[in-house]
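Single-structure report; data block below.
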Amino acid sequence: MSKAKLKILTSSLAGCFGCHMSLLDMDERWLELADLVELVRSPLVDTRSQSRCDIGLIEGGLCNEENIHLLLEFREQCKILVAVGACAINGGVPALRNRYSVADCLEAVYLHGLNVTQPQIPSDAELPLLTDKVYPLQEWVKVDYSLPGCPPPADAFFQLISALHDGREPDLNYVNRHFD
Amino acid sequence: MIVSIANEYSVPVSEVRAIIDFYHFLSDKKNADYHFYFSNNIIDKMAHSDLLVLQLGERLNSIIQQDPSRVCLDETSCIGLADHAPAALVNGRPLPALNPQSIEEVAELVALGRPLDHWPAHLFQVRTRICRRSWLLNMSLPPGESLLSWQTKGSATILQELQASQLRGRGGAGFATALKWRSCEEQHSGEKYVICNADEGEPGTFKDRVMLSEHSDWLWEGMTLCAATVGASKGFLYLRAEYAYLLPQLETSLQVRRDTGWLGAALKERLGFEFDIQIVLGAGAYICGEESALLESLEGKRGIPRIRPPFPTISGYLRQPTVVNNVETFIHAAAIISKGSDSFLQLGTTQSKGTQLLSISGDCQRPGVYEYAFGETVEQILSDCGADEVQAVQIGGPSGQLLGPQSFHLTLGYEALGGSGSLMIFNHRRSLIEVVNNFTNFFAFESCGFCTPCRVGTALNQRMLTRLHLKQLRQHEIQLLEESVRLMQNSSHCGLGQSAGNSILNLLHDFPETVEQLLNTIGDDNEARLVQALQPAVQLRKS
């Protein structure tokens, strides 16, 4: 008898969805995975379950208050939290703004930017506030595993998920963790 | 200027820039009239060096504002005056045992524009404090004694005697001296070199400084003996830039040796071989204490450690067979050959024979140099130097070990504590995290940047230690810190990275209560953190 399906959550915070694309890149192996896992909360599906999950695959770092609230929620919700890709692990490209202040960033874009006709810094209450800098996940929550890469290869996702399903310690082979 | 240097030495401009960038004391700008380097070792910090820097800065502020080329206040890694903390260098001269009064005096002299030669001598007075003498320091070693012994016995016997004495290098690594000399002696091609490593950069260590200023003749004797034994005709003393003020007296003492026929051309007539010693100054780089980095530096390059093997005894300075030993090692070798190894062998333990010099500093009544036979307990040493209420000691400098009272029964020697030349003492009023943080900053600054584990690892350690100090580090991150240190131990290119995390591991394992108090126990107070992280954006929205 097969094991119960793993409940998986995926999310993209301050990321570009590239890691999600790579996840989809597993192509026909998704059919194989469909027997092992179930996506319960993900931009790839319509469901938004709040119930407890086995694995959370989080792409992107943290650049605003919404990111942080979500991440804290995911940490609560998931038994195993995985930092997926360079941005989740190190902050990545969005973290390039860390050498400037928030004010400098916003002013450069919304006051002095090219073709700006009504210079003003957006202040709609609906817009999440930016954090002082872009953080990697592990600076706010405990991260159980990291999938390196920009993006991590599809095969790395497959190796991780199948290992966790089988109760094995995930061990990425060399091809999936070298990028030279 | 850079272009003319590049032309003169026929090297690319980029190489000149790389060298300037590598060494702390080199700069592409003209030095200020008064360039101060305050030692930032933990011992100096404990003696309130920060306040003195502030005081001097305040006093000289108007001058600096007016003309920045007149005064520069800088800091640097330990300058080898931990027995005179807090200390600084001004244009290369030592300002030991500073206090608010002497800072006032210095500020006044700078304001008056008085040249250093006209400053009162007491400001530069470094007092030698040899607090305990044993086998070596009780000895009288007349010039040439060991060389005459070599003349009678020959190299083979000298090497045998050295081997029988089981002398090990006193620079820290403890390599068998006879093996090193023999390996160089056995090389039959090329010109051989004898190099003394006087780049005493390990913070808290100053015993070599004391030997250089008190017993330089013994050092020349040891180097000449080595040259005679291995067949070298040229020697170098690689002297750290921080000790440049010793240069005049060292040159004088070399000249005395030449004049009395124990060095230079006169040796040829006397003993049948020629040997002379040249003093070369470093330029402020801890890594140049690593012997292969020292060789690179001596060749005029950046001090980046070489891949070994080949070891220097086969391919050293200019790829020729070279012996590199510490100041104390050469002196010990000369003493053993002069006096025989019997009395030496009676002292010490199974694997560590004889005595060693310890630089003792920090919270004790009598800082200074102490000579102990290997096998002495830390406890006894602490009592000898008048240290009370000791919370911890750092033995062997930042790359050594941090010991708590539960380990004070341990004894000096390569078996347990390594070949450490220094002991820094911290009493109960000190914050250990400040101590380890200081060491971690030191390694991050001094990493040569050549290999990734050390370059990145020292920076990661520095960041995590700072967060631990600020009580921001969480329990699970301690494991990450430990993993980072282990990775550095296993994969760094040289000893710097391999040992940079030693005191961190000691802190984590031997001082669990200290660490526990430092951990972020508010739980993950992410809401409070978030409020703080959003502060700039909130401000902006308000305005």
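The values are calculated or read from the model by the stated rules, or taken from the named source; none is laboratory data. No experiment lies behind these values; they were computed from the predicted model shown. FYI the Cβ positions are ideal-geometry reconstructions off the backbone, even for glycines, and counts take in every protein chain you see.
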For this session: Please find, within the range B:501-543, the residue that is farthest from the other protein chains (Cβ to nearest Cβ) out of those that are closer than 25 Å to A:VAL143 by Cβ and in a loop (DSSP other than H, G, I, E, B).
Result: B:GLY501
For this session: Return yes or no: is A:LEU129 over 22 Å from A:GLY18 (Cβ atoms), surrounded by fewer than 19 Cβ atoms within 10 Å (Cβ to Cβ) and at the interface with chain B (Cβ under 10 Å from one of its Cβ atoms)?
Result: no
For this session: Could you check, for the range A:28-44, whether at least one of its residues is polar (S, T, N, Q), in a loop (DSSP other than H, G, I, E, B), more than 29 Å from A:LEU106 (Cα to Cα) and out of contact with any Cys (no Cβ under 9 Å at 6 or more places or on another chain)?
Result: yes
For this session: Kindly indicate whether A:THR117 is farther than 29 Å from B:GLN535 by Cβ and modelled with pLDDT of 90 or more.
Result: yes
For this session: For the range B:21-51, enumerate the residues that are more than 19 Å from the chain's Cα centre (by Cα), buried (at least 16 other Cβ atoms within 10 Å of the Cβ) and either free of Cβ contacts under 8 Å to residues at least 24 places away in the same chain or in a strand (DSSP E or B) (or both).
Result: B:TYR34, B:HIS35, B:PHE36
For this session: Could you grab me the full set of residues in the range A:121-139 that are out of contact with any Asp or Glu (no Cβ under 6 Å at 6 or more places or on another chain) and either on the phi > 0 side of the Ramachandran plot or hydrophobic (A, V, I, L, M, F, W, C) (or both)?
Result: A:ILE121, A:ALA125, A:LEU127, A:LEU130, A:VAL134, A:LEU137
Problem set entry | Hey, B:ALA265 within 16 Å of the chain's Cα centre (by Cα) and among the small types (Gly, Ala, Ser) or not | no
Seminar exercise, completed: Flagged in the range B:417-429 as surrounded by fewer than 18 Cβ atoms within 10 Å (Cβ to Cβ) and assigned to a loop (DSSP other than H, G, I, E, B), in numbering order, are B:HIS428, B:ARG429
Exercise. When you go through A:GLN159, A:GLN118 one by one, which is the residue that is of a type in the set (S, T, N, Q), more than 26 Å from A:LYS7 (Cβ to Cβ) and over 15 Å from the mean Cα position of the chain (by Cα)?
Worked result: A:GLN118
For this session: Answer yes or no: is there a residue in the range A:98-105 that is of a type in the set (Phe, Trp, Tyr), more than 10 Å from every other protein chain (Cβ to nearest Cβ) and not in a helix (DSSP H, G or I).
Result: yes
Problem set entry | Yes/no for A:LEU71 being within 13 Å of the chain's Cα centre (by Cα), closer than 22 Å to B:ALA533 by Cβ and not in a helix (DSSP H, G or I) | no
Exercise. Picking from B:GLY190, B:GLY204, B:GLY174, which residue would you name as being in contact with a strand residue (DSSP E or B) (Cβ under 7 Å, 6 or more places away or on another chain) and modelled with pLDDT under 95?
Worked result: B:GLY174
Exercise. If only one of B:LEU496, B:LEU465 is crowded, with 19+ Cβ neighbours inside 10 Å and touching a residue at least 40 places away in the same chain (Cβ under 8 Å), which one is it?
Worked result: B:LEU496
For this session: Would you check which residues across the range A:1-17 are modelled with pLDDT of 90 or more and either surrounded by fewer than 20 Cβ atoms within 10 Å (Cβ to Cβ) or over 11 Å from the mean Cα position of the chain (by Cα) (or both) and list them?
Result: A:LYS5, A:LEU6, A:LYS7, A:ILE8, A:CYS16, A:PHE17
